[in-house]
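**Q** Can you keep this structure in mind? I'll have questions shortly.
The values are calculated or read from the model by the stated rules, or taken from the named source; none is laboratory data. Here the structure is a predicted model, which is why all the values come from computation and not from measurement. Glycine gets a Cβ as well: all are built from the backbone with ideal geometry, and neighbour counts include every protein chain shown. Heavy atoms of the whole protein, side chains included, go into the accessibility calculation; ligands, DNA and RNA do not. Shrake-Rupley method; radii C 1.70, N 1.55, O 1.52, S 1.80 Å.
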Amino acid sequence: MNSFYITTPIYYINFSPHIGHAYTTIACDILSRYNKLLGKDVYFLSGTDEHGQKVEKAAIKASLKPKDFVDKMSKNFKELIPFLGCQIDDFIRTTEDRHIKATQHLWNKLNENNQIYLSNYEGWYSIRDEAFYSESELIKKNDEFFAPSGSPVEWVKEESYFFKLSEWQDRLIEYYEKNPETIRPKSRYNEVLSFIKSGLKDLSISRTTFKWGIPVPNNPNHVMYVWIDALTNYMTAIGYPDQQSDKYKKFWPADLHMVGKDIIRFHAVYWPAFLMSAGIVPPSRVFAHGWWTVEGEKMSKSIRNVVEPFNLVDVFGLDQVRYFLLREVPFGNDGDFSKTALIHRINSDLANDLGNLAQRVLSMIHRNCDAEIPAPASFSDDDQILLSQVDDLLQQVRGSMEQQACHDALEKIWAVIRASNIYVD
Ligand code: ME8
């Protein structure tokens, strides 16, 4: 109980990192710091997802060999982490030998447990989402089909290994009905449960039309579907397949996989099914946060509205950006990023509320008390009221943080800051 294992998604490296990636990493850093303050032994993992068709295509576009491309791009993500004031314990890359070994081991386990069969896949695939979609999920625009995310899809027909996901439908429903706390927020729990109840089909888990992936054991014509490869990272980093290692025993199951709402299905349907099939306990919680748009629009290279965290922090300051991202939007909801909103938060909350309080209190002590905090005299009623608000704060903030409600914790802290300003008035 005294350990806490928290993970970010491992990010695709087809482009440079943006504010969305920074958001997830900062949120995890805040939860990691909070758990350290509680005295827990925290393990905080991030990394990059380097295989698959999307990354291969990006490498071709950059006229680089996939390995050279991923080495170059992964660095941007790794360097961003300390730049954002985040402290991780390991940075995993899916092209590392330890990960290839772990993923092939998991595949062999699923195979031994009779969860995999060879057949043919015919259906829709989105390279941008690296996801298979059934026709009923697609959106039709001008006689063309698109994924629910808006990404283009293409018709794929190839030999493929399948994972017997359909056999896990009832067990997943039973698991989630018994353990509703394992998916948060509640709205995502409901979404996942209704997706499972709508019927699970077997999942294609290998590809043959490109090579940039982990080879399927005993059949080099196939590379693994990038999601079975990617999800396994969470175990690789703590020593899998060595399930007797100290790290693995201490940190598995993960306490919290933090993800964006775009990838909840992979984490809350496929991942626990893979794990249960291999006889492994699923993670204790998956939290899916919301989606940032920028000035009302989806972030996109083509409309050049991508907010780059390096630049943003240089202009506005690190604490300011961290504060804004976690305060502006209730954690779990979607949000819109705008410079006006950021400047407003900096001016009103940080400069006006917190900055003024510090300035007023410190200069009063400096001016009137020889720059030293005097010993308390007897407390007036006003003193008592403010002190009791401060005393309650820790418990209240703990309550919020246990639910990953960072915005709520900040709001409670700011209520005391505002009360303190009124007290000084
Ligand atoms: O999905 N708003 O990688 P990815 C909020 N490799 N969060 C955002 C965001 C936005 N606009 N854009 C990205 C993948 N994110 C897979 C994950 S894990 C085993 C494999 C954040 O580079 C959010 O956390 O597309 C989202 O889930 C993640 O980046 C997706 O990153």
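**Q** Of the residues Pro241, Pro220, which is of a type outside the set (S, T, N, Q) and either assigned to a strand (DSSP E or B) or touching a strand residue (DSSP E or B) at 6+ places or on another chain (Cβ under 9 Å) (or both)?
**A** On the way: Pro241 fails: either assigned to a strand (DSSP E or B) or touching a strand residue (DSSP E or B) at 6+ places or on another chain (Cβ under 9 Å) (or both).
Pro220 is the lone residue from the list that is of a type outside the set (S, T, N, Q) and either assigned to a strand (DSSP E or B) or touching a strand residue (DSSP E or B) at 6+ places or on another chain (Cβ under 9 Å) (or both).
**Q** Just give me the residues in region 226-243 being of a type in the set (S, T, N, Q) and either open to solvent by 10 Å² or more (accessible area, probe 1.4 Å) or away from the ligand (no atom under 16 Å from the Cβ) (or both), in sequence order.
**A** Within region 226-243, the first condition is being of a type in the set (S, T, N, Q), and the residues that meet it are 232-233, 236, 243.
Result: Gln243, single match.
**Q** Look through Asp336, Asp319 and report the one residue that is under 30 Å from Ile183 (Cα atoms), modelled with pLDDT of 95 or more, away from the ligand (no atom under 16 Å from the Cβ) and open to solvent by 20 Å² or more (accessible area, probe 1.4 Å). So that I can check it myself, show each step before the final result.
**A** Working: Asp336 fails: away from the ligand (no atom under 16 Å from the Cβ).
One residue alone meets the criteria, Asp319.
**Q** Just the residues that are within 20 Å of Asp255 (Cα to Cα), more than 6 Å from the ligand (Cβ to nearest atom) and of a type in the set (Ser, Thr, Tyr), please, taken from region 5-25.
**A** Matches in region 5-25: Tyr5, Thr7, Thr8, Thr25.
**Q** Do you know which of the residues in region 244-264 that are assigned to a helix (DSSP H, G or I), under 28 Å from Glu191 (Cβ atoms) and open to solvent by 30 Å² or more (accessible area, probe 1.4 Å) is nearest to the ligand (Cβ to nearest atom)?
**A** Filtering first and then ranking leaves Asp262.
**Q** Answer with yes or no whether Ala341 is touching a residue at least 60 places away in the same chain (Cβ under 8 Å), closer than 24 Å to Lys261 by Cα and open to solvent by less than 30 Å² (accessible area, probe 1.4 Å). First the steps, then the outcome.
**A** Numbers: touching a residue at least 60 places away in the same chain (Cβ under 8 Å): no; closer than 24 Å to Lys261 by Cα: yes; open to solvent by less than 30 Å² (accessible area, probe 1.4 Å): yes.
Spelling it out, it is not the case that Ala341 is touching a residue at least 60 places away in the same chain (Cβ under 8 Å), closer than 24 Å to Lys261 by Cα and open to solvent by less than 30 Å² (accessible area, probe 1.4 Å).
**Q** Out of Ala409, Ala419, Ala415, I need the residue that is in contact with a Gly (Cβ under 9 Å, 6 or more places away or on another chain) and either in a helix (DSSP H, G or I) or open to solvent by less than 60 Å² (accessible area, probe 1.4 Å) (or both). Which one? Break it down into steps so the answer makes sense when it comes.
**A** Numbers: Ala419 fails: in contact with a Gly (Cβ under 9 Å, 6 or more places away or on another chain); Ala415 fails: in contact with a Gly (Cβ under 9 Å, 6 or more places away or on another chain).
Just a single option satisfies the conditions, and that option is Ala409.
Yes or no, residue by residue, for (1) part of a loop (DSSP other than H, G, I, E, B); (2) within 10 Å of the ligand (Cβ to nearest atom); (3) within 24 Å of Trp414 (Cα to Cα):
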{"position": "Phe266", "(1), (2), (3)": "no, yes, no"}
{"position": "Ser284", "(1), (2), (3)": "yes, no, no"}
{"position": "Ala288", "(1), (2), (3)": "no, yes, no"}
{"position": "Val306", "(1), (2), (3)": "yes, yes, no"}
{"position": "Phe324", "(1), (2), (3)": "no, no, yes"}
{"position": "Thr340", "(1), (2), (3)": "no, no, yes"}
{"position": "Ile346", "(1), (2), (3)": "no, no, yes"}
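**Q** Can you run down the residue pairs with Cβ atoms below 8 Å, 6 or more apart or on separate chains, where the first is in region 252-264 and under 19 Å from Met235 (Cβ atoms) and the partner is more than 8 Å from the ligand (Cβ to nearest atom) and basic (Lys, Arg)?
**A** From region 252-264, the pairs are Asp255/Arg285; Leu256/Arg285; His257/Arg285.
**Q** Scanning region 212-225 for residues that are away from the ligand (no atom under 16 Å from the Cβ) and open to solvent by 10 Å² or more (accessible area, probe 1.4 Å), which turns out nearest to Arg93 (Cα to Cα)?
**A** Here the residue is Pro215.
**Q** All but one of (1) within 16 Å of the ligand (Cβ to nearest atom); (2) open to solvent by 30 Å² or more (accessible area, probe 1.4 Å); (3) aliphatic (A, V, I, L, M) hold for Ile139; state the number of the condition that does not hold.
**A** Among (1) within 16 Å of the ligand (Cβ to nearest atom); (2) open to solvent by 30 Å² or more (accessible area, probe 1.4 Å); (3) aliphatic (A, V, I, L, M), Ile139 violates only (1).
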